[in-house]
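Comments concern the structure below.
Laboratory data are not the source of any read-out in this text; all were calculated from the coordinates shown. Since the structure is predicted, the reported quantities are computational estimates derived from the model, not experimental observations. Every residue, glycine as well, gets a Cβ built from its backbone with ideal geometry; the counts of neighbours run over all protein chains shown.
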Amino acid sequence: MSRQHTDARALPPTAARRRRPRPASLLVVLATVVGIALLGVSAPAAATSGAAGAHPGHHQPSPPDLGPNVTVLDPSMPLAEVQATVDAVAAQQIDDEMGTGRYTLLFKPGTYGSVDHPLVFQVGYYTEVAGLGASPTDVVINGHVDVYNRCLTADNCIALDNFWRSVSNLTINVAGGTDCRASGEFWAVSQAAPMRRVNITGGTLTLMDYCTAGPQYASGGFISDSRTGDVINGSQQQFLVRDSRIGSWSNGVWNQVFAGVQGAPAQSFPDPTYTTLATTPASREKPFLYLDPAGRYRVLVPAPRRDSSGTTWENGPTAGRSLPLSDFFVARPSDSVRTINAQLARGKNLLLTPGVYDVDRSIEVKRADTVVLGLGMATLTAARGAVPLVVGDVKGVDVAGLMIDAGPVRSPALMRVGTRHGHGSQPGQRGRPGSSSAADPTGVQDVFFRVGGPHAGKAVVALEVNSDHVLLDDIWSWRADHGQGVGWTVNTADHGLVVNGDDVTATGLFVEHYQKDNVVWNGERGRTVFFQNELPYDAPNQAAWQHDGVLGYAGYKVAGSVRTHELWGGGSYVYTNVDPTIHASHGFEVPDRPGVRLHDLLTVQLGAGTLDHVVNDTGVPTGATGTASFVVSYP
């Protein structure tokens with residue numbers, strides 16, 4: 001193994017702490033990110049191209065109009081043209097962290113590049129790269145589809161803020177690149193940057209960028225339904241891999257979780273910090289666009305799985321239902337909510353093309369088995385205190401590939417699944433669950449929430465789940481700690497997730513910086529596989545952040561009325577950058593009863609503040625910066 005790989009494996013846990021822009025005096029001591037909020041980014045340029053049709057000489061149906069920010073690439077196009085197209089999008093989006101540009105690059109089935117002339121490009125913010133095959137093996141890119149560290153200064157190159165991008169449904173045959181970059185496929189990302197249905201051949205997958213100057217930190221991430229060779233995890237603080245097949249996995253910093261992963265390392269938490277489940281209790285893969293043999297666009301909605309392991313596609317076609325694109329209303333940001341709701345009421349599914357949608361009243365999904373699919377991180381922004389997306393008391397809805405932002409007027413929620421009947425969303429107050437079923441569950445995949453960041457925002461709750469049998473898969477609910485409209489009294493929000501329904505399963509739950517209990521779980525028989533949390537940075541003092549004799553609030557709270565609940569692989573971190581003397585009593589709070597079981601928990605101090613216990617009154621206080629406190633099993 002090369003020197004770079006050896007160094008990546010050997011990184012100590014203290015070499016991977018978090019996070020965001022802070023005063024320069026903290027950079028050396030705490031390794032936080034300096035200056036992102038001060039960096040200027042250029043205004044978004046015009047889209048590089050519209051939705052392309054079949055390349056001349058191809059006889060197939062006319063393509064749908066997916067809007068100006070979707071580019072369809074054809075393997076018969078000259079490689080130089082493909083390269084120029086993807087590079088133009090990357091150049092615009094690489095540093096546009098809080099911008100409004102949204103892009104999708106779709107690759108028709110076929111091969112792009114060769115070993116001698118590879119296609120190598122980067123994926124920037126708000127960019128979706130996806131193949132249009134029925135299987136990931138139908139689209140082959142000989143080259144790289146990379147995410148590198150973002151260098152804020154010459155000696156401060158990190159992946160801590162590499163959010164909001166994705167790659168899916170294709171094969172990457174690793175080839176090309178120069179010097180260190182030739183050593184593997186680089187996907188150095190943090191939250192909200194999923195890799196789904198990806199087949200990596202011919203080289204390693206590395207989740208950190210060891211080719212730039214230090215410190216090289218990363219804080220991700222999520223992989224599902226994928227096949228890889230060896231994986232270099234390196235400095236990734238936490239990661240979930242679900243229902244995949246890997247060759248090997250190197251290193252674990254704090255919280256590495258594998259569920260239904262063939263080739264995963266053995267259970268060994270806390271040394272190394274691997275939590276390994278042989279199967280995933282319940283899952284549903286994200287819907288995706290593809291071309292059928294006649295060249296027509298369709299959406300495949302994968303079937304739900306229980307106790308699953310491995311990919312959905314290696315041993316035959318992915319099971320599920322296939323919908324023609326004619327069953328969808330293809331929306332653009334210029335379409336009103338009234339128009340969208342009228343189309344949903346007529347029985348249409350909803351495809352949201354890339355862009356930012358101002359939502360001044362709820363988009364209402366009232367029909368069972370409706371699909372709401374976003375392209376290119378399509379973003380719903382609350383206006384006038386609206387709840388941007390509401391799913392009714394129906395079964396089998398699938399909502400995927402969306403960003404939902406709070407607006408300056410406080411919203412009671414940013415997304416609501418099922419109806420709340422006469423109950424609040426506070427701990428111990430359950431709502432009446434909706435009619436989702438175990439056989440036909442509602443799925444929420446790759447849906448990301450922001451309160452502050454691109455602009456001021458306020459909400460009470462980000463995501464509220466009232467229905468039963470909902471599957472939450474790769475959720476990042478973020479009260480912003482940097483960007484615009486950020487401050488204790490500016491981007492206010494109580495909870496990142498409130499679950500009132502029963503039999504809800506979360507796989508890949510990231511919830512950060514909310515001002516009260518970050519997650520509140522009121523429903524019975526809830527299950528979480530992987531949880532990552534940072535408590536709020538910006539509480540002004542202890543008096544402002546405490547309740548009922550408890551210091552601070554928990555990262556994850558199970559209501560006292562709950563009799564059955566289970567969590568595997570959870571971490572809660574503290575960093576109080578306004579008042580470093582602040583304490584939080586508990587990272588996790590749960591009722592003490594045999595049916596409530598937690599496995600493989602940790603708390604970490606990131607430079608200031610103290611977490612007194614891991615779960616309830618169990619677990620020692622957090623110590624020096626980057627040092628974790630562990631609880632292997634509770635009770």
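Values as computed for the structure displayed
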item: Out-of-range pairs (alpha-carbon distance over 18 Å; input K395/K557; K286/K395; K366/K395; K348/K395; K516/K557); result: K395/K557
item: Added length on full extension, which subtracts the Cα-Cα distance from 0.36 nm per residue, A345 to A91; result: 87.4 nm
item: Length-normalised contact order for region 369-634 - Cα pairs under 8 Å, 6+ apart - percent; result: 12
item: Nearest-0.05 FRET efficiency for Q542 and L325, computed from C-beta distance (R0 35 Å); result: 0.05
item: For region 54-145, alpha-carbon Rg over 2.2 N^0.38 Å; result: 1.09
item: 5 Å-binned pair-distance histogram of region 369-634 (Cα, whole percent); result: 1, 7, 14, 19, 20, 17, 12, 7, 3, 0
item: Counting DSSP beta bridges with both ends in the chain, the antiparallel % (nearest 5); result: 15
item: Ranked F530, F222, criterion: other C-beta atoms within 10 Å, fewest first; result: F222, F530
